[in-house]
Amino acid sequence: MNTITKRIRNFIIILLITVFFLPNNAMITSAATNKTVYEYSPMLEDKGDIYYIQRVEGDVYSYDIYQLEVATGNKTRLLTSKNDILGMMIHNNSLYYTCYNGEKDTYQTSTVSIDTKEQKTICDGYFLYLDDSSIYYTVMNGEESKLYKRNYESAEATLIFTGNENFNFVKAIDNTLYFSQFKEGSSQLTLYTLMSGQTKLSVLTTDKIASDEPGIPKVSDVVKLNGDIYYQYGTYQGSGNYWYGTLKKLDSNTNKKSVIVKQLYEDRIYYNEKGIFNNGTESSEKRYIYNVMTGKTSTYSYKTTGTESFNILGDKTYCAKADGKESIRVSRFTSGTNKKGFIKSFITISYKQNKKYDYYASVKKLGDYLLIPVTCMDYNDASYGWRGRYVGITWYVADSTGKILTQFK
């Protein structure tokens with residue numbers, strides 16, 4: 001998807017998230033019930049099954065976690081929560097999830113057994129990561145953020161780190177956890193690492209951020225390629241909460257840092273084993289790839305039209321488009337090339353579209369599956385204003401060959 005189109009969609013999603021986090025009594029209620037699996041909601045794959053969250057909207061709001069058996073298409077509801085579910089992971093056949101409890105003004109981490117559906121609250125706090133022996137989570141206390149580790153079989157927690165309110169978990173790579181923290185007094189942004197099983201953070205690198213930069217800087221993504229660390233930091237700015245980031249490389253041999261891209265407009269790093277991809281804003285079709293082996297940047301072209309999405313998923317790039325009539329078409333080509341190996345109709349989904357609605361499709365990767373969410377929007381409903389009304393989202397699940405296996409919504 002081109003940068004401008006994606007920013008518009010991101011702004012709409014951010015606005016919707018803001019609205020959804022209002023207390024239930026502050027929402028406009030309706031006798032009708034709408035059930036939707038939103039694109040921004042957590043989703044995971046484990047042992048060939050997909051776990052997703054369906055938001056039920058009506059006079060009473062609730063959130064259901066479902067288990068989808070892709071091979072059969074069977075769906076099983078594991079639990080219903082009155083609080084929004086913000087994250088999920090699985091360990092030892094138990095699904096761990098975090099909710100925000102508005103009544104207590106705190107995050108809570110709980111589990112549900114996939115087999116027995118037994119539910120149990122584990123602790124107050126926002127869980128971040130699970131390894132073979134422990135759960136890692138944070139607890140906010142005023143302006144302090146405390147990182148804890150606890151064994152599954154023990155109620156005792158070990159305090160690993162006390163940070164400020166800008167302390168954030170970035171991601172985990174090969175059993176190494178990455179965190180960032182910005183200190184306003186020194187204008188320093190620090191990237192930390194924590195080896196799974198350990199109880200002490202290590203400073204990986206620190207960057208001095210210009211004091212006149214708007215927003216609170218954070219590290220949004222980290223990848224490890226050819227032994228080197230690439231990380232992106234930046235801020236969300238303006239009423240649209242647009243991302244402005246910088247991509248840097250940390251050389252594993254010399255520990256020297258270098259700027260790879262000065263201005264990025266998406267907070268995620270798109271990459272494969274050979275290079276890192278990014279889009280500029282000077283052209284709707286000009287795109288860039290940084291070769292991690294040679295250190296050189298080259299360009300390639302792909303022009304999206306209308307609401308067509310542009311989704312880089314490793315070695316393959318997928319472009320999804322609603323034709324406005326009878327189908328959703330997904331094309332595919334080799335990432336970083338001028339349509340090498342292009343397949344115009346890699347996936348074709350029969351989907352009848354109503355002329356009074358607008359449709360959007362994209363492609364995501366979850367485990368070995370390709371997911372194609374098709375969103376139907378009504379921008380003619382005056383009661384919803386310019387942001388439009390979600391008519392529905394249908395998710396299609398395909399394998400790596402493009403065969404549709406099942407669907408859910």
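Placing unit charges on the Cβ atoms only, positive for Lys and Arg and negative for Asp and Glu, gives the range 264-363 a dipole magnitude near 360 debye about its Cα centre.
Near residue 141, once Lys and Arg are set to +1 and Asp and Glu to -1 for all other residues with Cβ below 11 Å from its Cβ, the sum equals -3. Placing a pseudo-label 7 Å from each Cα along the Cα-to-Cβ vector at residue 285 and residue 69 gives an inter-label distance of 4.9 nm. Would you be so kind as to identify which of 233, 304, 158 lies farthest towards the positive end of the dipole of the chain, taking Lys and Arg as +1 and Asp and Glu as -1 on Cβ and the Cα centre as origin? Of the candidates, 304 comes out farthest on the positive side. Projecting each Cα onto the charge dipole of the chain (Lys/Arg +1, Asp/Glu -1 at the beta carbon, about the Cα centre), which of 33, 376, 408 comes out farthest on the positive side? Checked the options; the winner is 376. Anything over 32 Å Cα to Cα? Flag those among 296/339; 316/409; 82/325; 256/286; 303/356; 117/409, in the order listed. Going by Cα-Cα distance, 82/325 fall outside the 32 Å limit. Listed by chain and number, the aspartates and glutamates whose alpha-carbon sits under 18 Å from that of residue 344, ignoring those within fewer than 8 places in the same chain, are 285, 308, 315, 323, 326, 399. Solvent-accessible area assigned to carbon and sulfur over the range 305-408 amounts to 46 percent, based on a 1.4 Å probe.
Only Lys, Arg, Asp and Glu carry charge here, each on its Cβ (+1 for the first two, -1 for the last two); on that basis the chain has a dipole of about 1560 debye about its Cα centre. Based on DSSP H segments of at least four residues, each scored -39500 (n - 2.57), the chain has a per-residue ellipticity at 222 nm of -1500 deg cm²/dmol. Only Lys, Arg, Asp and Glu carry charge here, each on its Cβ (+1 for the first two, -1 for the last two); on that basis the range 305-408 has a dipole of about 240 debye about its Cα centre. Accessible surface computed residue by residue for the chain, with neighbouring protein chains in place and a 1.4 Å probe, gives 50 Å² per residue. Short-range pairs are left out: with C-alpha atoms under 8 Å and at least six residues apart, the relative contact order of the chain is 8 percent. Highest mean packing first, where packing is the average number of other Cβ atoms within 10 Å per residue, the peptides 210-216, 120-126, 285-291 line up as 285-291, 120-126, 210-216. Using heavy atoms of the protein chains and a probe of 1.4 Å, the accessible area assigned to residue 350 is about 110 Å².
The values are calculated or read from the model by the stated rules, or taken from the named source; none is laboratory data. Since this is a predicted model, take the numbers as computed values, not measurements. Note that we place each Cβ from the backbone using ideal geometry, even for glycine, and neighbour counts take in every protein chain shown. For accessibility, only protein heavy atoms count, side chains too; no ligands or nucleic acids. Shrake-Rupley method; radii C 1.70, N 1.55, O 1.52, S 1.80 Å.
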